[in-house]
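Below is one structure, written out as structure tokens; the observations come after it.
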């Protein structure tokens with residue numbers, strides 16, 4: 001069935017950005033009414049470094065802001081991001097990260113020297129702060145406040161010896177099967 005959407009308010013009127021935005025908004029609203037799973041996003045966060053901490057929280061908070069029900073399943077090192085004291089564990093290393101911009105070109109051997117991880121982490125945090133990017137803690141809090149389900153993998157908790165008391169309030173707990181049951185009813189599924 002073809003959907004008829006008037007392009008402009010009158011045939012003589014040129015198509016403007018306002019018209020395009022209206023058409024897109026109406027199409028999205030129609031899709032949401034036809035298929036409730038289109039309003040659901042499920043993500044898997046498996047990495048716990050500073051550079052990998054941002055994507056799951058940014059994407060989940062954006063999905064929530066767009067009116068989607070969002071869930072993030074934290075497994076393996078991604079579980080670090082839900083810990084109360086996560087800041088001491090979350091760093092970024094220039095070793096093995098060739099795309100990391102450095103102020104001056106450095107050979108790999110230099111990036112492996114003691115203290116380079118702390119320097120790279122400090123540099124990244126400083127650049128983000130200068131650019132007005134929210135911290136990982138702020139993004140995690142936004143997710144919790146906006147109803148994003150942050151799910152800690154119970155198998156990983158057991159393997160690494162974590163207890164529920166180690167995690168921030170508001171975290172949900174579940175295994176891979178429980179998360180897959182939720183993800184199979186979602187149009188957006190991402191592995192980060």
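Structure summary
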item: Residue within the stretch 114-126 that is part of a helix (DSSP H, G or I), under 21 Å from the mean Cα position of the chain (by Cα) and at pLDDT 95 or above present; result: no
item: The lone exception for residue 157 - which of (1) modelled with pLDDT of 90 or more; (2) within 19 Å of the chain's Cα centre (by Cα); (3) surrounded by 15 or more Cβ atoms within 10 Å (Cβ to Cβ); (4) part of a helix (DSSP H, G or I) it fails; result: (2)
item: Options 137, 185: the member that is closer than 30 Å to residue 39 by Cβ and in contact with a helix residue (DSSP H, G or I) (Cβ under 6 Å, 6 or more places away or on another chain); result: 185
item: Residue among 31, 8, 38 that alone is within 30 Å of residue 171 (Cα to Cα), in contact with a helix residue (DSSP H, G or I) (Cβ under 8 Å, 6 or more places away or on another chain) and at pLDDT below 85; result: 38
item: Pair list, Cβ < 8 Å and 6+ apart or interchain, from the stretch 9-37 residues that are under 24 Å from residue 182 (Cβ atoms) to residues that are at pLDDT 75 or above and assigned to a loop (DSSP other than H, G, I, E, B); result: 32/67; 35/187; 37/185; 37/186; 37/187
item: Single unsatisfied condition, residue 141 versus (1) assigned to a loop (DSSP other than H, G, I, E, B); (2) free of Cβ contacts under 8 Å to residues at least 12 places away in the same chain; (3) surrounded by 16 or more Cβ atoms within 10 Å (Cβ to Cβ); result: (1)
item: Residue pairs meeting the criteria (Cβ under 7 Å; at least 6 apart or on separate chains; first surrounded by fewer than 17 Cβ atoms within 10 Å (Cβ to Cβ), in the stretch 84-98; second part of a loop (DSSP other than H, G, I, E, B) and modelled with pLDDT of 85 or more); result: 84/168; 89/48
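The values are calculated or read from the model by the stated rules, or taken from the named source; none is laboratory data. Owing to the predicted nature of the structure, the values given are computational and were not obtained by experimental measurement. Using ideal geometry, Cβ is built from the backbone for each residue, glycine included, and neighbour counts are taken over all protein chains shown.
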